[in-house]
1. What residue, of VAL78, VAL5, is open to solvent by less than 60 Å² (accessible area, probe 1.4 Å) and β-branched (Val, Ile, Thr)?
2. From TYR104, TYR93, grab the single residue that is aromatic (Phe, Trp, Tyr) and farther than 13 Å from VAL48 by Cβ.
3. Inside the range 1-15, can you point out the residues that are more than 19 Å from MET99 (Cβ to Cβ) and among the β-branched types (Val, Ile, Thr)?
4. Identify all residues within the range 34-59 that are among the hydrophobic types (A, V, I, L, M, F, W, C) and either over 12 Å from the mean Cα position of the chain (by Cα) or open to solvent by 40 Å² or more (accessible area, probe 1.4 Å) (or both); write none if there are none.
5. Considering only residues that are of a type outside the set (A, V, I, L, M, F, W, C) and open to solvent by less than 70 Å² (accessible area, probe 1.4 Å), look in the range 104-115 and name the one that is farthest from VAL5 (Cα to Cα).
Amino acid sequence: QVQLVESGGGLVQPGGSLRLSCAASGSNFGRYVMGWYRQAPGKQRDLVAYIFNSGPTNYADFVKGRFTISRDNALNTVYLQMNSLKPEDTAIYYCNAKMGPVDYWGQGTQVTVSS
């Protein structure tokens, strides 16, 4: 069992930056593929980025070059550094932990990009 708690969301102006954190409790954090998803009002939940336990990453086209996912297995934490934020990045951001058929989700953190 893994519990995920996101933090770091908030209100930021266009062009600004935020760093989201996701702290995981439970064992075997290093074995999980960790990801960030987002869901805007009235829209489906979309994958933003994910990172394997050994470090390789993958990003959605709409964040490539602006967002960076990283993880610290010693701290059981995954991060999402978001730069050059746009109004269309406004959404609830969710942390995900996946190992095989098993999926865990955090409660989400709101990111609002507005002037």
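The values are calculated or read from the model by the stated rules, or taken from the named source; none is laboratory data. Worth saying up front: this structure is predicted, and the values here are computed from it rather than measured. Neighbour counts are summed over all protein chains in view; Cβ atoms, including those assigned to glycine, are modelled from backbone coordinates with ideal geometry. Surface areas here come from the heavy atoms of the whole protein model, side chains and all, with no ligands, DNA or RNA. Shrake-Rupley method; radii C 1.70, N 1.55, O 1.52, S 1.80 Å.
1. VAL78
2. Values: TYR93 fails: farther than 13 Å from VAL48 by Cβ.
Criteria check complete, one pass: TYR104.
3. Matches in the range 1-15: VAL12 only.
4. Listed by number, the residues that qualify are ALA40, LEU47, PHE52.
5. Only one residue tops the list, namely SER114.
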